[in-house]
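The values are calculated or read from the model by the stated rules, or taken from the named source; none is laboratory data. Treat the numbers as computed from the prediction; the structure is a model and nothing was measured. Counting neighbours? That spans all protein chains shown, and the Cβs are built from the backbone with ideal geometry, glycine included. The protein model used for the area step is the full one, side chains on, heavy atoms only, and it has no ligands, DNA or RNA in it. Shrake-Rupley method; radii C 1.70, N 1.55, O 1.52, S 1.80 Å.
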Amino acid sequence: MNIKIAITSLLFYFNDVFGFVAVHYRAPSLNSSFTIGRVSQPRKNDCIQVYSVTETKDRNENVFVPVENRALNVEDSESLEEGIVCARGVCVIASEDAPEICRLDEINDDEIICEDSENAIEPGFSFAFLWPRALLLLCSVLYGTNFPLGRIMNESLPASAATSARLLLAAMALSPFFFQLKSELRVTAALCGSFTALGYITQSIALVDTPAATVSFLGALVVIVCPALAVIVNKKKMAFNDAPQTWISAILCLIGVGLLELGGDGGFGIGDIGWGDFWSVLQAVGFGTSFFITERMMSKEPTQALPITAYQCAMSALLSGVWTVLDGTKFMDGLFSFGPHGAWLFDETLSKTFTIPGLFLDLDYRQVALAAAFTGLITTAANRVGETIALGKLSSSEASVLLATEPLWAALFANYLIGESLGFWDAFGGALIVIACVATALDPEWLREKLGIEYDG
């Protein structure tokens, strides 16, 4: 309970921080909570007046109160009119030929408001239309390989060593972006990286004894975690009329999880539920919280997508390294150990073999070393770069649907690489979870029209 209180307090604190700091130099047309004086042909170090909005007793009027003068640099002036595209916790600047342009409306619960772009590429079989969609789908496919490869690594290495190796390699690959992070974002990025580490660590623990497909499907519970945080932190309206797509997604996801957990081959029951399922759900909490905080940062600083990612990976590598030490020394009588390896850091041979660079020098561990390199360099580091490149040329709904296929690829690769198979109820529950992920991309206005819901919000 104390941990929950601490996490909630931290989230409320950073919510206040985000609300206090101006969205950097946003235009008045964005209806943001800070409005700026426009400067004709702005030059570096030109001065702008920042205003905060103070509501009068008459709620139809706003008084603009001067707060401070700020220097406007070229980067800020150029981003005044640029839109963004966001999907699953990542926001980037929208390309000129993106299907839609989105902007942040901070007055309305930090809603991201989107409109169709006049310069969108016509749908069809042209290379310009297909390549970003193919690239993002490839990213989703590669994300799906993380789960069976995690099982393969955990069969030979302690879960902590496997996770640490993967994240260390990813952090090294993204290190050129690390020092590009703006100083005012470092504390928030570190907090976000802590939740990202929670996701990676609990995922790895779950993969010790839980089928890879199950871990992936349960990880899709982020579709419930993120809206819940929006209600708790942002006080966002989330009644069925406000967000029907969220409720439909949550209901489908919960039914899918129920079938996945209770519908075993021997009939319905709770006998198959174990600690691996708990860690899989906690994985969703970690990644979901990370997505929530990251999207808040990137929607305001879309040019910082890769530096924020680099900071997250570095923080995750650091915390997984701490876990490795606690595991390898059997700290507190093995409280942080998950596997049969004992105090392996005190064994000279094992400590060299289980860690970098020794892992890559032992021929007996070649397959495991390749899995660590692939998950670290390709499916974590390179994948995020590819996702960032593709995302700017897609709509948020398209991107969400393509990334929602990740659990399907995880199940397919688990079958191909490690021979896992899904029972009927596992497959049915997993399919509902994937549909739930896709449902989050549905247009709420379209749903209200189809369901006959009157809405004046």
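Quick notes on this structure:
- Qualifying residue in region 439-454 (condition: assigned to a helix (DSSP H, G or I), in contact with a Leu (Cβ under 8 Å, 6 or more places away or on another chain) and more than 19 Å from residue 200 (Cβ to Cβ)): yes
- Some residue of region 233-246 being at pLDDT below 95 and at positive phi: yes
- Count of region 326-341 residues which are surrounded by 14 or more Cβ atoms within 10 Å (Cβ to Cβ) and either aliphatic (A, V, I, L, M) or not in a helix (DSSP H, G or I) (or both): 8
- Residue tally, condition within 29 Å of residue 420 (Cα to Cα) and open to solvent by 10 Å² or more (accessible area, probe 1.4 Å), over region 164-184: 4
- Qualifying residue in region 385-392 (condition: crowded, with 17+ Cβ neighbours inside 10 Å and of a type in the set (D, E, K, R)): yes
- Annotation note: of 191, 142, 136, the sole residue that is touching a residue at least 24 places away in the same chain (Cβ under 8 Å), part of a helix (DSSP H, G or I) and touching a Ser or Thr at 6+ places or on another chain (Cβ under 8 Å) is 142.
- If you go through region 429-445 and keep only what is modelled with pLDDT of 90 or more, out of contact with any Pro (no Cβ under 8 Å at 6 or more places or on another chain) and not aliphatic (A, V, I, L, M), you end up with just 429.
- Exclusive hit being touching a Leu at 6+ places or on another chain (Cβ under 6 Å), crowded, with 21+ Cβ neighbours inside 10 Å and at pLDDT 90 or above, set 222, 215: 215
- Filter result for the condition that a residue is free of Cβ contacts under 8 Å to residues at least 24 places away in the same chain, more than 16 Å from residue 203 (Cα to Cα), under 20 Å from the mean Cα position of the chain (by Cα) and crowded, with 21+ Cβ neighbours inside 10 Å, over 307, 227, 302: 227
- Test: residue in region 342-353 that is within 30 Å of residue 187 (Cβ to Cβ), open to solvent by 50 Å² or more (accessible area, probe 1.4 Å) and not in a helix (DSSP H, G or I): no
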